[in-house]
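Down below is the structure, laid out as structure tokens.
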Amino acid sequence: MNKFDLLKFCNVPSRIRNVLSRFEVSILEPVGASLYYYGDTGVGKSVIATAVLARELFRSVNVAHQLALLDPTSDEYDPYYTPPFTTSFLFVNLPDLLFRIKEGFSRSKAREIDNPVRRCIEARVIVLDDFGTELTTDWAYQTLYLIVNSRYDNTNQTIFTSNFSPAELGAKLSDGRLVSRIIEMCRPNGVVHLTGEGYRV
């Protein structure tokens with residue numbers, strides 16, 4: 001196991017974990033800052049956002065101890081161990097999240113679908129990946145506004161990735177509150193336009 005295996009428990013896709021384990025990813029932005037990475041598909045937005053998540057996670061836990069508890073070859077291995085950081089550090093693909101919430105609505109009680117949204121609100125650090133592609137209905141907008149506004153109010157670190165600049169995102173919406181919150185969260189220098197080639201395994 002390596003330290004990036006811990007990101008599996010934060011819901012980070014294996015593709016991104018593999019990239020981080022093979023490439024050195026530099027992060028210039030300050031520790032603890034909310035960030036909005038935007039650019040074309042394939043420029044590495046999700047990888048760089050996850051590198052920020054990883055930096056914050058590795059600063060907050062004893063990495064060697066966590067790996068020892070999870071590694072079957074270690075003397076400290078605990079087959080029943082669930083890392084405590086799983087609720088504090090999250091990677092969330094937003095189209096997938098909204099799909100799962102809708103699925104829950106169709107076959108569950110309303111109280112049972114509150115958990116994914118609550119986890120997004122309460123996480124200490126979160127990557128909200130692919131932001132903006134799913135803002136096609138009032139329900140999606142209100143759900144994302146609830147998450148973003150709650151995180152804004154609680155000053156929780158949020159890392160957004162999007163194909164849209166804040167201005168382009170604002171042009172898609174009739175209500176400017178969401179973009180206004182994002183810009184405020186990411187001040188003074190947290191809106192970053194990524195260009196060039198991304199990371200490939």
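Where a number appears in this text, it was derived from the coordinates with a stated rule and is not lab data. Please read these numbers as outputs of a predicted model, since none were measured by experiment. A quick note on method: Cβ atoms are made from the backbone with ideal geometry, for glycine too, and the neighbour counts reach across all protein chains shown.
What to note about this one:
- Using θ = phi - 60° and Karplus 6.51 cos²θ - 1.76 cosθ + 1.60, couplings along region 115-132 (whole Hz; Gly, Pro as x): 4, x, 5, 4, 4, 5, 5, 8, 4, 5, 9, 9, 9, 9, 8, 6, 6, x
- Lysine pairs in region 3-192 with Cα atoms under 26 Å, if 8 or more residues apart or on separate chains: 5
- Listed residues Ser174, Ser162, Ser150, most fluctuating in the chain (Gaussian network, C-alpha, under 10 Å): Ser174
- Three-way shape call for region 42-155 based on the alpha-carbon gyration tensor, with the a/c threshold at 1.5: prolate
- Largest GNM mean-square fluctuation across Ile27, Ile16, Ile159, computed for the chain with C-alpha springs under 10 Å, falls on Ile27.
- Model label sites at Thr136 and Ser21, defined 7 Å from Cα along the beta-carbon direction, differ in position by 3.5 nm.
- Of the chymotrypsin sites (Phe, Trp or Tyr not before Pro) in region 51-97, the ones in a loop by DSSP (not H, G, I, E or B) with at most 13 other beta carbons within 10 Å are Tyr77, Tyr80, Tyr81.
- Fraction of beta bridges assigned by DSSP in the chain that are antiparallel (%, nearest 5): 0 percent
- Comparing Leu67, Leu90, Leu144 in a Gaussian network model of the chain (Cα springs below 10 Å), the most mobile by mean-square fluctuation is Leu67.
- In the calculated pair-distance distribution of the chain, the portion above 30 angstrom amounts to 22 percent of the Cα-Cα pairs.
- Percent RCO, i.e. relative contact order, over region 3-192, from Cα pairs under 8 Å lying at least 6 residues apart: 30 percent
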